[in-house]
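A short worksheet on the structure shown next.
The values are calculated or read from the model by the stated rules, or taken from the named source; none is laboratory data. In this text, all values refer to a predicted model and were calculated from it rather than measured experimentally. Cβ coordinates were reconstructed from backbone atoms using ideal geometry, including for glycine residues, and neighbour counts include every protein chain displayed. Accessible surface is based on the protein model in full, side chains and every heavy atom, while ligands, DNA and RNA are left aside. Shrake-Rupley method; radii C 1.70, N 1.55, O 1.52, S 1.80 Å.
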Amino acid sequence: MTVSIAAARDILKNNDRGGYTVPTDGLYPFQWNWDSAFVALGWATFDEARAWRELEKLVEGQWDDGMLPHIIFHAPSDQYFPGPDVWRTHHHPPTSGITQPPVLATSIRLLLENATDVAQAEARAASLYPRALALHRWYARARDPHGSGLIAILHPWESGMDNSPAWDAALARVPAAPSTPIKRRDTGHVHADMRPSQADYERYITLVDLYRSHGWSPDRMWAATPFKVADIAINAILHRAEIDLMTLAERFGSPSDRGELAQRLEHQQAAIARLWSEPANLYESMDLITGARIAAATSGGLLPLFAAIPSSDQAARMAGEIERWGQKVPHLVPSLSPFDPRFEPKRYWRGPVWAIVNRMIAEGLNAYGHSALATRIREGTRALMRQSGFAEYYDPVTGEGLGGGSFSWTAAMALSWAVP
Ligand code: GLC
């Protein structure tokens with residue numbers, strides 16, 4: 001398959017719904033939170049004004065308390081379940097009631113630093129800065145109310161790695177008893193073998209029903225939930241975003257903002273560092289209901305590299321671990337260790353490769369001086385795009401493109417990172 005810059009741009013243009021970009025036509029017909037933060041980086045390579053617009057449309061969905069929802073339903077569509085009638089939140093435009101990994105501040109920083117229209121970038125970054133600050137404060141308040149330094153996800157969808165085996169045990173404690181009738185749309189777009197199972201889907205919706213019954217109040221959700229996990233990936237992504245927010249605070253913030261950020265940075269760094277797993281050579285998530293570490297070697301456990309958490313010795317061991325995975329599967333970086341018996345190369349977040357995750361890992365490796373491996377991951381991502389187009393994700397064994405086709409964040413990664 002030939003992939004080109006023009007083809008990648010066309011994907012963004014075709015998925016543009018007027019200031020925001022849908023992840024892919026059909027399967028995901030609204031604006032998704034972390035998708036858009038990555039997609040903005042793609043737009044920035046050929047239309048900076050449009051890139052800023054993507055983030056501005058995203059924060060139209062931000063709640064008064066700072067929460068940035070995982071989906072913004074700017075326009076109706078009956079192609080997706082659960083839609084606004086299931087979430088029943090009280091925001092205009094309608095939104096979901098849970099969040100997704102906070103890439104916003106990182107995206108603002110990258111747009112600003114790479115801008116050619118500097119005056120525009122300064123003005124638009126200045127008005128987005130308080131939004132990102134409010135989001136990070138929300139995380140600290142709503143998702144770490146006891147000040148542990150680790151924030152919790154209350155739904156697997158908040159991780160952005162919906163179906164990861166890391167959530168299996170915690171999710172199994174959630175009853176598969178939704179009050180909302182399930183009308184799955186995803187399996188009409190993509191083969192059921194690649195998507196979460198029916199029982200898991202029922203548990204996902206049970207959690208949505210529970211939180212809706214608590215009026216989406218963070219305190220009540222925190223008290224009532226049977227699912228509370230310190231996801232290593234979202235903690236690393238938030239920490240990285242706090243670092244990026246600090247650089248924005250140096251230009252747009254007050255001394256007190258910077259003091260607050262410095263404190264959080266120190267506290268998070270120490271807490272995330274404790275999630276290192278000596279035998280696994282990477283970091284693990286923690287189940288906050290049982291207090292137990294979750295033994296699952298996922299690509300998310302490599303993301304502390306992107307957040308400057310590991311020591312150089314730990315980073316070297318993580319690089320070694322990635323190379324070991326690369327001896328077992330030809331295409332890096334699988335979302336689960338291919339040595340794990342739960343590894344499934346085609347099923348959603350249980351094995352497949354995502355371009356956005358590869359970028360974060362490769363940038364982290366570069367920062368630690370492992371540039372040969374970083375280049376291998378970037379070249380490998382480019383080869384997957386050449387072989388299989390801009391798919392949602394790829395099979396690490398065969399390189400086949402899977403899930404939705406013509407996928408926005410994959411095209412955005414081609415434009416801004418793994419340039420064809
Ligand atoms: C899936 C992914 C999630 C992504 C969404 C839209 O739900 O797991 O990370 O944001 O699709 O692409």
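Each Lys and Arg adds +1 at its Cβ and each Asp and Glu adds -1 at its Cβ; summed about the Cα centre, the stretch 44-194 shows a dipole of about 360 debye. Packing-based ranking of 392-403, 294-305, 251-262, 76-87 yields 294-305, 392-403, 76-87, 251-262, ordered from highest to lowest mean Cβ neighbour count within 10 Å.
Remark: the stretch 357-408 carries 33 Å² of accessible area per residue (probe radius 1.4 Å; ligands, DNA and RNA excluded).
For the stretch 146-293, the solvent-accessible area with a 1.4 angstrom probe is 39 square angstrom per residue.
Taking 0.36 nm per residue of separation and subtracting the current Cα-Cα distance, fully stretching the chain between Glu250 and Thr290 would add 10.4 nm.
Share of carbon and sulfur in the accessible area of the chain stands at 52%, probe radius 1.4 Å. Considering the stretch 360-417, its Cα convex hull presents a mean projected area of 3.9 nm². With coordinates expressed along the principal axes, the C-alpha atoms belonging to the chain extend over 52, 49, 44 Å, beginning with the largest. Note on the stretch 302-343: with charges restricted to the Cβ of Lys and Arg (+1) and Asp and Glu (-1), its dipole about the Cα centre is near 120 debye.
Scanning the chain for long hydrophobic helices, with DSSP H runs required to stretch 20 angstrom or more by C-alpha along their axis and to average at least 0.5 on the Kyte-Doolittle scale, returns 232-252.
Taking every alpha-carbon pair under 8 Å whose residues sit at least 6 apart, the chain reaches a relative contact order of 19 percent. Only the Cβ atoms of Lys and Arg (+1) and of Asp and Glu (-1) were treated as charged; on that basis the dipole of the chain about its Cα centre amounts to roughly 300 debye. Projecting the Cα atoms of Gly149, Ala249, Gly403 onto the charge dipole of the chain, computed from C-beta unit charges around the Cα centre, puts Gly403 farthest toward the positive end. Projecting label points 7 angstrom from Cα along Cα→Cβ for His90 and Phe46 puts them 4.4 nm apart. For the stretch 59-139, the solvent-accessible area of protein heavy atoms averages 37 Å² per residue (probe radius 1.4 Å; ligands and nucleic acids excluded).
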